[in-house]
1. For chain B, the longest stretch holding no GluC sites (Glu not before Pro) located in a DSSP loop with at most 13 other Cβ atoms within 10 Å is which?
2. Could you check which residue among A:Gly118, A:Gly97, A:Gly282 shows the biggest mean-square fluctuation in a GNM of chain A with a 10 Å Cα cutoff?
3. For segment B:72-179, what does the relative contact order come out to in percent, with C-alpha contacts under 8 Å and a separation of six or more?
4. Excluding B:Gly108 itself, calculate the net charge of residues whose Cβ lies under 12 Å from the Cβ of B:Gly108, where each Lys or Arg counts +1 and each Asp or Glu counts -1.
5. Work through the residues other than A:Leu120 whose Cβ is under 10 Å from its Cβ and net out their charges, Lys, Arg +1 and Asp, Glu -1.
6. With each run of n ≥ 4 DSSP H residues scored as -39500 (n - 2.57), what mean residue ellipticity at 222 nm is computed for chain A after dividing by its residue count and rounding to the nearest 500 deg cm²/dmol?
7. Roughly how tilted is helix B:62-74, in degrees to the nearest 10 and between 0 and 90, from the longest Cα axis of chain B?
8. Using θ = phi - 60° and the Karplus curve 6.51 cos²θ - 1.76 cosθ + 1.60, what whole-Hz ³J(HN,Hα) does each residue of segment A:138-146 get, with Gly and Pro shown as x?
Amino acid sequence: MKIDKQRAHALLYQMKLIRRLEEACVEYYSAGMIRGFLHLYIGQEAVAVGIMEHVREDDAVVATYREHAHALLKGLSAPCIMSEMFGTVEGCSRGRGGSMHLFSAPHRFFGGNAIVGGGLPMAVGLAMADKMQGRDRVTLCFFGEGAVAEGEFHEAMNLAELWKLPVLFCCENNSYAMGTHIERSESVTNLVKKAESYGVPAARVDGMDVLAVSAAAKSAIERVRSEGWGPYFLECQTYRFRAHSMFDPELYRSKAEVDKWKQRGPILTFVKKLTDADLLNGDEFVELAERVRIEIAGAVAYAKTGAPEAVEDLRRHVYWEGPPLPGPAGGVQ
Amino acid sequence: MSATTMSYRDAVRMAIQEAMRRDERVFVMGEDVALYGGPYGVTKDLVKEFGPDRIRDTPLSESGFTGAGIGAALGGMRPIVEIMTVNFSLLALDQIVNTAATFCHMSGGQLAVPLVIRMATGAGRQLAAQHSHSLEGWYAHVPGLKILTPATIPDARGMLWTALMDPNPVLIFEHAGLYNTKGELADDAGAVNINKAKVVREGSDVSIITYGGTLSKSLEAAERLAGSGISAEVLDLRSLRPLDNDSILSTVGKTHRAVIVDEGWRSGGISAEIMARITEGAFYELDAPVERVCTAEVPIPYAHHMELAALPQPEAIVLAAKRTLKGG
């Protein structure tokens, strides 16, 4: 295996950081300090880590309600993400959004969209703005395979290819739309074929293998960034180890199926791969895990001391309160 | 002061053209806006001046291109999305209500969505039940949106630029029956405010409160009432969200009687909201129960006589006004 040790450790660190962040979320959900819907990414970490390795600071990311990892990897701090879950004013959305609606304008992280498929047209528009203004930025749009059944998926595919827009559509296929398996919801389960039917070049990759995802994403993003090439569709086959949300008794799948996928866990297999290649020893692993633990403990401590927003401010932020937008008609963000 | 006579359609086109000349980030996208010239002819010939990127024909994907408009606005453009009719906007309802209206708040005030969506609304052209409804009152229910209903030539021309300067999503409802109407536009006319209602006819006996396509019918009713010795004041709301409470309460405080005229359906409509506000804020000013003239609660029928019967007409407005006066 040819991989730089430092890079390997960085990828492992990111996957473990996401995992630990979400384990902490479960802990504080159980303690009643995080409420609402909480959708965990556990099991799918290799997808976001592999893809986001190639995202540029000025690229845009549009994600779903299962977006803690993507937010973290786009540069939102663990403390501001954890604070958002705790519903405090220090949260990245001032506590107005919660787990499903993480946002950061300076990081060009556009949510956190809990309408399945709802983010795809927006990604088309963000890319359109870049193309019309002659910028070489890329918009990454994450969605699950469930979104493929929505009309907005098909409209967005068509528009992006028709107008040759720089969007990387990242389909995180974990087989289940809530509890409905793809075999029970799609007449054609080959998602690559669906994208290709719109003329969008597409590929499928093992979403449990961070290096495979990274390699596929690298060439996909390079292609999308090259002027005039238009969008690309990348299907990452993955699996969610936890329930859909905290309210899901998982009646629709067997423990054996989950266990089988866990054997292919992205962290487990990557650690083994690195160990076998002498790129990671026991001490290094312990040290890395400790750094992860400290960072998330710090985020939790920060969130715990956060302040609830003043109730008098309830009606704020429904309309823009920021400074006047610049330009003849205003509006650069 | 000199003025030019023009159609409502020309006024909207002029507003778009001026905005696009002034700010290169402004562009129009919608179904048949370019080569066809716009379903109502509003964008006719603009593609010759601005090219197909800025006057952009879209596929029949209302949700897709409305969402793309939101994304483009977030990306620094100033899109004008044209939706052919309000009935078709229901295919984009998710993007308008779940995304455009929520993003500023849901992000804790970080994201402005400076998007303008124009669409035709209203009946009167025998287009039946899937091209004729007046659903602007529905949209006015939603916090995060602004809802404009230009009824006059100066507003058709002036509201668009003001809407483009607004950092929030603004929906402009153009009553399809108005496109061919003509009026004067002062040569020095500019942008207009979009948060104040306007008294378009002064009166002292009864207030007729209306907007959009029923303004001209209300003015016609006021003229007929004058013939009967009744002085009616006509208030053009201009904006349904925000609603100009002060102007509503002020005209009711002056005349002590009110008739609300709305081409939307009666139940749960914007007329009900206006009545509620009058009840809350001017109850003791009232000398008579508030009257409403709305569209009959049927999907708009095709046959001409049936469509006319379904819609608010000047005669019904006159009768409603007289009912408010019968006691005193």
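Each reported figure results from applying straightforward, stated rules to the coordinates on display, with no laboratory input. Just so it is clear, the model here is predicted, and its values are computed rather than measured. Here Cβ is always computed from backbone atoms with ideal geometry, including for glycine, and neighbour counts include all displayed protein chains.
1. Values: sites that count: B:Glu202, B:Glu297.
With a cap of 13 other Cβ atoms within 10 Å, the longest stretch comes to B:1-201.
2. Maximum among the listed residues: A:Gly282.
3. Numbers: 181 pairs, mean separation 35.4, N = 108.
Relative contact order comes out at 33 percent.
4. Working: positive: A:Arg94, A:Arg96, A:Arg316; negative: A:Glu84, A:Glu90, A:Glu309, A:Asp313, A:Glu321.
Charge balance in the 12 Å sphere: -2.
5. Values: positive: none; negative: A:Glu150, A:Glu152, A:Glu155.
Counting the neighbours of A:Leu120, the net charge comes to -3.
6. Details: 11 runs with 139 residues, N = 333.
Only helices count here, giving -13000 deg cm²/dmol.
7. It is inclined by approximately 80 degrees.
8. 10, 10, 9, 10, 9, 7, x, 5, x
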